[in-house]
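Everything on this sheet refers to the single structure shown next.
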Amino acid sequence: MGKFWSFLFLLVPVLGVGLFVWAPFNHHWLPRDVSAHGYQIDHLFNFILGLTGVVFIVTEMLLFWFLWRYDGKTNKSPVKFTHGSHNLEIVWTILPAATLLFIAIYQMNAWADVKMHKPDMLPTVEVTARQFEWRLRYPGKDGKLGTEDDLFHVNELHVPVDEMTLVKLDSADVLHDFFLPHMRIKQDAVPGTSIPVWFKPVQSGEYDLVCAELCGWGHYKMKGRLFVESRSDYERFLAELEKKQTATNVEKKAEAEE
Amino acid sequence: MSTTVAGSHAHDEAHGAHAHGSFLSTYVFSLDHKVIGIQFLFSTMLWLFVGGLLALGIRWQLAWPWTEMPVIGKILFAKEGGQISPEFYTMLVTMHASVMIFFVIIPILAGAFGNYLIPLMVGADDMAFPTLNMLSYWFMWPAFALMICSFFVEGGASAAGWTSYPTLSAIPQAAPGSHTGQTLWLWGLIFVGISSMMGSVNYMTTIIQMRAPGLTMFRLPMTIWGMFITAVLQAFALPVLTAALFMQVLDRMVGTGFFIPEGLIVNGQSAGPGGGQPLLWQHLFWFYSHPAVYIMILPAMGMVSDILTTFARKPLFGYKPMVYSISGIAGLGFIVWGHHMFMSGMNPALGTTFMVSTMMIALPSAVKTFNWLGTIWGGKIEFTTPMLFALSFVCMFIIGGLSGIFMAATPVDIFIHDTYFIVAHFHYVLFAGTAMGVFGGIYFWFPKMFGRMMNEPVGKLHFFLTFIFLNGTFYPMHILGAGGFPRRLADPYHYETFKHLLAMNQFMTICAICMGFSQFLLVGNMAYSLFFGPKAGRNPWKANSLEWMAPSPPGHGNFDFQPVAYRGPYEYNFPGHDTDYYPQIEPPRPGEKQPEHH
Ligand SMILES: [Cu+2]
Ligand SMILES: [Cu+2]
């Protein structure tokens, strides 16, 4: 039976590696990256995957080999009576320590890029999450938020391609999370705190905006869309928004006067 | 040491008085650590069943969203036509985690195994404070009652996640479960905390004060080291959680606004004057709950070390490095909590600091894994059921440990935070790790607890099926996570990005259901063996540590002689000795060279 159990444990690295080889070729992998910074994250993911993959294969194969070789039923050599090895302990403390330290330092720039080096510009849009929708507010002609010409919209976030977008992220009620999978962006929206989020899309298209923090019973349906479009399309969108808004404002005024 | 001996004799007399008590004082309000341990074991196994059912509810929804549940759907969700409602789904994820963490893993490790094994393994007649010990069990019952009640109050049980993040949890109108259910959840946890605290004080005192003569700290089995460090972690971390729980209770009941900012309108209603910060809760909560991750694994690591040495018939490889690594985990465990908050809006520079400490805490785990491999290297392995579970702990803990590095890397965490990648990670640590270690522990110590052996072939079948189906359930979660699949979503498939992941989820759910059914083998085996298993004798596994020297099951006061330890618990195949094991209590033969601790 010892051989049978050894093989069962061998299945773990074999199928485990197998699935990770199968997945990227069958669309079960990271969604397409369409951001300027995302390659750093994907690179780091793959880098850690390679590193941990090697450790995974080596340790699991050792486990298999020990089970196979030292099965009490078939192992005729005497038990190696030992309480450990000083040298080995030093080797397997220093090696992982150095590797971990390397990973720690290696990633610092990518993190700083996405979360610390805030671009020097006025916010492109204010996103206010609330149960269970994304309220959007564009600054309008004057480029400033909180003025009379601000433009309002819900759930459909339009941004220009190849330009830095700076989002002022707020929440009106509970925690939410502004997750753009294709843009490699994720940030909790916290009531009472405005948090800046920035990204630069490099490909036009339509993508999902996901709420990734449990925010109540309707969390699953708090879905938005991200439209990455050319500068001219983007401006056309804003112009139309403005037209609609003035029309409704005029209507409202008229109603109020009646 | 002589004072210890005198002390435990004094205890003997004190216990003698109630040894022949009534049924109530013997089996219900017992002061005997063994009875209390078994009470914890059976209660937590009942809750394991509840937590498992809740998990299957989650799996059902993810595989066949918004469809009628077979058989039980009509009973549970009559109003929704037999299907899970979105608010029920958020309650499922919350309560599955709360039950598994607070009613199963923590009490089965510390409460059941800690209680049962600590006095026996240190050669004491009972815990240092038997009454406190009994209370630690009975304080779980208000918690049980509150949690059960919470399912039936208006709005249902808590649905704000087991992490209970404000403001969702703190503002009653924010979610159905945040009405009365959340208050009951908070009080329930306060009782669990009191119970753990009473246990922790007892374990520390017993391990420090009541060890048998000759049983120095460095002759303790790893199980005891795991329990000891766990007790220390509980003692330092719990006060912070308790304070946080009371603050949230006050926010909800008095309107203190510790965690609620000013001027919020939630669900059309003002949330009170506020003036607080939601992130404060996260800091306090994770200050406890990160160490709690180790509370949920260190004892299992200890148990696994003991099982591995017994069935490899070899000394533990690197005893002291093992002890230093769990102590290192305990120390570092207090400065890594921020890794749960990389995306929370906490200062990103602080995130970098927590990232570095988190990378470093992977180190002791690596050291432990290498030492386990070193332990089975060159042994004579006996593939018993407990051994298979212990080996699978090592095999699976490697996966859970390595996947942690992805999330510790802050930039990668931006993408995989709150996706199924983290769900994969903690299920590999807590289910494939701890739960498998616990199963191994049950098969290993059952003969001691009940004096009878469990059935080996059925045990092996239980292991085989659990091992296959748990990997089928949890391993694909890594792939889902890489696809960005978010956790806690009742229906992820209406997002274009996640549509194609449905088939994989259906496969996982089928595996999960099969895994659930496989557990009846364990229950059946326990129930049958309890009455009809072959008699075990004192030391069925030919092990060294003190608990195996006592009768099976041990009588009141545990030992029918005064145990004295002459060496550590891992001297298997000691050169020149006539048997392949060398119990701690056996005096050295004249002229025999005794093992040095390296
Ligand atoms: Cu949400
Ligand atoms: Cu943690």
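The values are calculated or read from the model by the stated rules, or taken from the named source; none is laboratory data. If you're wondering where the values come from, they're calculated on a predicted model, not measured in any experiment. FYI the Cβ positions are ideal-geometry reconstructions off the backbone, even for glycines, and counts take in every protein chain you see.
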**Message:** If B:V266 satisfies all but one of (1) within 16 Å of ligand 1 (Cβ to nearest atom); (2) surrounded by fewer than 21 Cβ atoms within 10 Å (Cβ to Cβ), what's the number of the condition it fails?
**Reply:** (2)
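Counting only residues that are part of a helix (DSSP H, G or I) and within 16 Å of ligand 2 (Cβ to nearest atom), which one in the stretch B:334-350 is farthest from the chain's Cα centre (by Cα)?
In this case the residue turns out to be B:L350.
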**Complete:** Of those in the stretch A:1-35 that are buried (at least 18 other Cβ atoms within 10 Å of the Cβ) and assigned to a loop (DSSP other than H, G, I, E, B), the residue farthest from the other protein chains (Cβ to nearest Cβ) is A:V34
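Residue-by-condition table, conditions (1) surrounded by 23 or more Cβ atoms within 10 Å (Cβ to Cβ); (2) of a type in the set (S, T, Y):
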residue	(1), (2)
B:R211	yes, no
B:G255	no, no
B:E262	no, no
B:G272	no, no
B:L279	no, no
B:P299	yes, no
B:T309	yes, yes
B:K314	yes, no
**Message:** Quick check on my filter: what residues within the stretch B:271-301 are more than 11 Å from every other protein chain (Cβ to nearest Cβ), small (G, A, S) and in contact with a Gly (Cβ under 8 Å, 6 or more places away or on another chain)?
**Reply:** B:G272, B:A300
**Message:** Anything in the stretch A:171-207 that is more than 11 Å from chain B (Cβ to nearest Cβ) and buried (at least 18 other Cβ atoms within 10 Å of the Cβ)? List them, or say none.
**Reply:** A:W198, A:K200, A:P201
**Complete:** Checked the stretch B:363-389 for anything more than 7 Å from chain A (Cβ to nearest Cβ), more than 30 Å from A:I103 (Cβ to Cβ) and either assigned to a loop (DSSP other than H, G, I, E, B) or touching a Ser or Thr at 6+ places or on another chain (Cβ under 6 Å) (or both); matches are B:T384
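Does A:T124 satisfy the condition of being assigned by TED's automatic domain parsing to the domain that holds A:T52 and of a type in the set (V, I, T)?
Criteria not met by A:T124.
Answer yes or no: is there a residue in the stretch B:527-535 that is buried (at least 22 other Cβ atoms within 10 Å of the Cβ) and either more than 27 Å from A:H176 (Cα to Cα) or of a type outside the set (F, W, Y) (or both). First the steps, then the outcome.
Just the residues of the stretch B:527-535 that are buried (at least 22 other Cβ atoms within 10 Å of the Cβ), to begin with: none.
For the stretch B:527-535, residues buried (at least 22 other Cβ atoms within 10 Å of the Cβ) and either more than 27 Å from A:H176 (Cα to Cα) or of a type outside the set (F, W, Y) (or both): absent.
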**Prompt:** Within the bounds of the stretch B:29-42, is there any residue that is polar (S, T, N, Q), crowded, with 24+ Cβ neighbours inside 10 Å, part of a helix (DSSP H, G or I) and modelled with pLDDT of 95 or more?
**Reply:** no
**Request:** Would you point out the residue of the stretch A:191-245, among those that are of a type in the set (G, A, S) and in contact (Cβ under 8 Å) with a residue 24 or more places away in the chain, that is farthest from ligand 2 (Cβ to nearest atom)?
**Result:** A:S230
**Asked** Which condition does A:G84 not pass, out of (1) surrounded by fewer than 14 Cβ atoms within 10 Å (Cβ to Cβ); (2) small (G, A, S); (3) at the interface with chain B (Cβ under 9 Å from one of its Cβ atoms); (4) under 26 Å from B:G400 (Cα atoms), if it passes all the others?
**Response** (1)
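Kindly indicate which of A:F102, A:F81 is in a helix (DSSP H, G or I), among the hydrophobic types (A, V, I, L, M, F, W, C) and more than 16 Å from ligand 1 (Cβ to nearest atom). Walk me through it before giving the result.
On the way: A:F81 fails: in a helix (DSSP H, G or I).
Result of the check over A:F102, A:F81: A:F102.
Could you go through the stretch B:221-244 and let me know if any residue there is surrounded by 22 or more Cβ atoms within 10 Å (Cβ to Cβ), within 14 Å of chain A (Cβ to nearest Cβ) and away from ligand 1 (no atom under 16 Å from the Cβ).
At the first step, the residues of the stretch B:221-244 found to be surrounded by 22 or more Cβ atoms within 10 Å (Cβ to Cβ) are B:221-231, B:233-234, B:237, B:241, B:244.
Retained after the next criterion (residues that are within 14 Å of chain A (Cβ to nearest Cβ)): B:222.
With the extra rule that they be away from ligand 1 (no atom under 16 Å from the Cβ), the set shrinks to B:222.
Scanning the stretch B:221-244 turns up at least one residue that is surrounded by 22 or more Cβ atoms within 10 Å (Cβ to Cβ), within 14 Å of chain A (Cβ to nearest Cβ) and away from ligand 1 (no atom under 16 Å from the Cβ).
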**Asked** Could you say whether any residue in the stretch B:351-362 is touching a residue at least 12 places away in the same chain (Cβ under 8 Å), more than 9 Å from every other protein chain (Cβ to nearest Cβ), within 16 Å of ligand 2 (Cβ to nearest atom) and of a type outside the set (V, I, T)?
**Response** yes
**Number of positions in the stretch A:100-127 that are within 9 Å of chain B (Cβ to nearest Cβ) and over 19 Å from the mean Cα position of the chain (by Cα)** = 3
**Request:** Identify all residues within the stretch A:213-258 that are assigned to a loop (DSSP other than H, G, I, E, B), touching a helix residue (DSSP H, G or I) at 6+ places or on another chain (Cβ under 9 Å) and aliphatic (A, V, I, L, M); write none if there are none.
**Result:** A:L214
**Prompt:** Could you list, in sequence order, the residues of the stretch B:477-491 that are more than 7 Å from chain A (Cβ to nearest Cβ) and assigned to a helix (DSSP H, G or I)?
**Reply:** B:M477, B:H478, B:L480, B:G481
**Message:** Given the condition more than 14 Å from ligand 2 (Cβ to nearest atom) and at positive phi, answer yes or no: does some residue in the stretch B:294-308 qualify?
**Reply:** no
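Which residues, taken from the stretch A:210-256, are of a type in the set (G, A, S) and within 16 Å of ligand 1 (Cβ to nearest atom)?
Here is the first cut: in the stretch A:210-256, the ones of a type in the set (G, A, S) are A:212, A:216, A:218, A:224, A:230, A:232, A:239, A:247, A:254, A:256.
Of everything in the stretch A:210-256, those that are of a type in the set (G, A, S) and within 16 Å of ligand 1 (Cβ to nearest atom) turn out to be A:A212, A:G216, A:G218, A:G224.
Kindly indicate the residue of the stretch B:397-407 that is more than 8 Å from chain A (Cβ to nearest Cβ) and not aromatic (F, W, Y) and also farthest from B:G441 (Cα to Cα) among those meeting that condition.
Here the residue is B:M407.
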**Complete:** So, first residue on the phi > 0 side of the Ramachandran plot and within 12 Å of chain A (Cβ to nearest Cβ) in the stretch B:150-173, second residue crowded, with 24+ Cβ neighbours inside 10 Å and part of a loop (DSSP other than H, G, I, E, B), Cβ within less than 6 Å, six or more apart or across chains; the pairs are B:G161/A:L214
